[in-house]
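Heads up, the thing below is written out as structure tokens.
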Amino acid sequence: MRPRISFQGAAGEVTGSRHLLESGATRVLLDCGLFQGGRETEQRNQASFPFYASFVNAVVLSHAHLDHSGRLPQLVAEGFSGPIYCTPATRELLGILLKDAALLQERDVEWENRRRRRSGRPLLEPLYDLDDVHRTLDLCRPLEYCQYQQIGSDLRLRFLDAGHILGAAIAELEIEHPDGRIQLVYSGDLGNPETLLMHHPEVPARADWVIMESTYGDRDHQPLGDTKEELAGILQRAHERQGNVLIPAFAVGRTQEVLYHLALLGREGRLPQQKVYLDSPMAIEVTGVYLGYLRLLDTSDLGALTANGRYTVPEALDFLTPTPTAEESIALNRIKGGAVIIAGSGMCEGGRIRHHLKHNLWQRNAELVIVGYQAEGTLGRTLVDGARQVHLLGEDIQVNAAISTLGGYSAHAGRSQLLAWARAIGGEPRFCLVHGESGARDALCNALREQPGRPVTCPERNEVVELVR
Ligand code: ZN
């Protein structure tokens, strides 16, 4: 049998990344992510895997984001007991994210089951619990960038830096086959070379096949320099009007980018706020992991922050007050004005940001700063779209605060950056595009096809592609 890949998720969509590589007797799963989005999409997480979990020899995990990792505990619960290869930083972030996911599911299911009990409907089970998460973490085998790892008799794995979030990796897999060796590259999520703190995504020297993400295959991002200036303007305006600045942000990546910009502005004497609160237990923990892996971060970004070593990074963050406990968070409601509050969730769908929105949205001097993509149907999107009133924690709240969207923060490569990465890979690779909605994916596909000798396909969900040489 020729080596082959089945594309089981993130094929024509951006969540649920999961691709099964079969070569000889070896079966390797590339990522095992949650489907995220509307109720219908998330329903797909309930289904069993279309293979015996115990037949899978190993998992190669590109990075910790739940749309790439969030179904691993389910895989383990279904009988997978092999190694999960990931970078050491990914292993640490994974622990934080999976535990949070398990607790959230438990809470949501409990809430739904209360309604179901009252109406006599069958009860739901959470997808997994904390025990499954612990067993999953025990299977993680940390692999540093550039180290080789043999998998089975015919596969060899190496991670390159994807520059997306801390620990994110591009997987290079060498497949030994009687017809000759096949070099397969799985991009995972590719970073935006402008992303703060992260390196540029590394370019594999050569490949025969590339499974490549296409999230922003149809557009480029706003330059990051403009974003910092816009943020400075908002901080100044809020300071003059004595209003609070609320920044909803996801815990991994975006929060650290925003903190970095705040720290730089602080260095430049342009952070007039006396207090910046990081009001998310998860973001506090994740920021701690970032601080533990400074060696993986971009040295020129860190140099700008520390004035080339005159300060330590923690000193550069001395403006920051973490508020891990619920009491500390509630105390922030009494702040009259002049503070910056960073809290989750990033799309205002849950988390502590909702309390802060309730206490601030109606105030004319408050500022809401949107720093990430807001999916349709979320409270964040409703606010960005200009709603004058929202229903929040049981109350109708007037929206009088100023709402700004800062478009430059993105942990994903934009269109030009994706094309440059793909074109720099040596050999004559064929591309399979994944992790993109159809418009973005088709746009990238058309652009890649302009370069002769590089065939491109856009596999449908569950499509199987044979890896010919
Ligand atoms: Zn990601």
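Counting pairs of alpha carbon atoms under 8 Å apart in space and at least six apart in sequence, what relative contact order in percent does the range 383-469 give?
It comes to 20 percent, rounded to a whole number.
If packing is taken as the mean number of other Cβ atoms within 10 Å per residue, what is the order of 114-124, 212-222, highest first?
Result, highest mean Cβ count within 10 Å first: 212-222, 114-124.
If contacts are Cα pairs under 8 angstrom and at least 6 residues apart, what is the relative contact order of the range 134-288 in percent?
With pairs under 8 Å counted, the relative contact order is 14 percent.
Given R₀ = 56 Å, what would the calculated FRET efficiency be for THR457 paired with GLU106, taking r from the Cβ atoms and rounding to 0.05?
Efficiency, from the Cβ-Cβ distance: 0.90.
Would you mind telling me the antiparallel percentage of the DSSP bridges in the chain, rounded to 5?
Antiparallel bridges make up about 50 percent of those DSSP assigns within the chain.
Just the number, please: percent antiparallel of the DSSP beta bridges in the range 32-182, rounded to the nearest 5.
The antiparallel proportion sits near 70 percent.
In nm, give the distance between the simple-model label positions of GLU437 and ARG241, each being 7 Å from the Cα along the Cα-to-Cβ direction.
3.1
Have a look at the DSSP beta bridges in the range 224-409 and tell me what percent are antiparallel, nearest 5.
Just about 20 percent of them are antiparallel.
Could you please put LYS275, LYS228 in sequence from largest to smallest accessible area, using a 1.4 Å probe?
These residues rank, largest area first, as LYS275, LYS228.
How high is the relative contact order of the range 224-409? Use alpha-carbon pairs under 8 Å, at least six apart in sequence, and give a whole percent.
It rounds to 32 percent for the range 224-409.
In debye, nearest 20, what is the charge dipole magnitude of the chain about its Cα centre with +1 on Lys and Arg Cβ and -1 on Asp and Glu Cβ, if you could check?
The dipole magnitude comes to about 660 debye.
What accessible surface, in Å², does a 1.4 Å probe find on ARG206, ignoring ligands, DNA and RNA and rounding to the nearest 10?
90
With only Lys, Arg, Asp and Glu charged, each at its Cβ (+1 for the first two, -1 for the last two), find how big the charge dipole of the range 93-174 is about the Cα centre; round to the nearest 20 debye.
600
Note the count of lysine pairs whose C-alpha atoms are less than 22 angstrom apart in the chain, limited to pairs 8 or more residues apart or on different chains.
So the count works out to 4.
On alpha-carbon atoms, Rg over Rh for the range 224-409 using Kirkwood Rh?
With Rg and the Kirkwood Rh in hand, the quotient comes to 0.95.
Which ³J(HN,Hα) values, rounded to whole Hz and listed in residue order, are derived for the range 388-403 from phi using the Karplus coefficients 6.51, -1.76 and 1.60 in 6.51 cos²θ - 1.76 cosθ + 1.60 with θ = phi - 60°, glycine and proline given as x?
Each residue's phi maps through the Karplus curve to give 8, 8, 10, 9, 9, 6, x, 10, 8, 10, 5, 9, 10, 5, 7, 10 Hz.
Name the long-range amide H neighbours of ALA401: under 5 Å, sequence gap of 5 or more, or other chain; modelled H, no Pro or chain starts.
When sequence neighbours closer than 5 places are left aside, the close amide H contacts are GLN363.
How long is the gain from ARG116 to SER153 if the chain were fully straight, where each residue apart is worth 0.36 nm and the alpha carbon distance is subtracted?
Contour length minus Cα-Cα distance gives 8.3 nm.
Leaving ligands and nucleic acids out of the surface, order TYR373, TYR148, TYR186 by accessible area at 1.4 Å, largest first.
Accessible-area ranking of TYR373, TYR148, TYR186, largest first: TYR373, TYR148, TYR186.
What is the distance in Å between the Cα centroid of the range 124-141 and that of the range 51-72?
The range 124-141 and the range 51-72 have Cα centres separated by 12 Å.
Any idea what the dipole of the range 224-409 comes to, in debye rounded to 20, about its Cα centre with Lys/Arg Cβ at +1 and Asp/Glu Cβ at -1?
Dipole magnitude for the range 224-409 comes out near 380 debye.
Taking R0 as 35 Å, what's the FRET efficiency between ILE284 and VAL468 from their Cβ-Cβ distance, rounded to 0.05?
Efficiency at R0 = 35 Å is approximately 0.10.
Given a 1.4 Å probe and heavy atoms of the protein chains only, how would you sort TYR311, TYR52, TYR277, largest accessible area at the top?
These residues rank, largest area first, as TYR52, TYR311, TYR277.
Short version: ³J(HN,Hα) in whole Hz for each residue of the range 456-469, in order, from phi by Karplus 6.51 cos²θ - 1.76 cosθ + 1.60 (θ = phi - 60°), x for Gly and Pro, what are they?
10, 10, 10, x, 7, 4, 6, 6, 10, 10, 7, 8, 7, 8
For labels at ALA25 and ASN333 in the simple 7 Å Cα→Cβ model, what's the distance in nm?
6.2
By how many degrees, 0 to 90 and rounded to 10, does the Cα axis of helix 130-139 deviate from the longest principal axis of the chain?
Rounded to the nearest ten degrees, it is 50.
What's the FRET efficiency of THR325 with ASP131 using the Cβ-Cβ distance as r and R₀ = 22 Å, to the nearest 0.05?
0.25
Whole-Hz Karplus ³J(HN,Hα) for the range 168-185, in order, using 6.51 cos²θ - 1.76 cosθ + 1.60 and θ = phi - 60°, x for Gly and Pro?
With the stated coefficients, the range 168-185 comes to 5, 10, 9, 9, 9, 10, 9, 10, 7, 9, x, 7, x, 6, 10, 9, 10, 10 Hz.
The values are calculated or read from the model by the stated rules, or taken from the named source; none is laboratory data. Since the structure is predicted, the reported quantities are computational estimates derived from the model, not experimental observations. Because the Cβ atoms are built from the backbone with ideal geometry, glycine has one as well, and the counts that use them run over all protein chains shown. Accessible surface areas use protein heavy atoms only, side chains included; no ligands, DNA or RNA. Shrake-Rupley method; radii C 1.70, N 1.55, O 1.52, S 1.80 Å.
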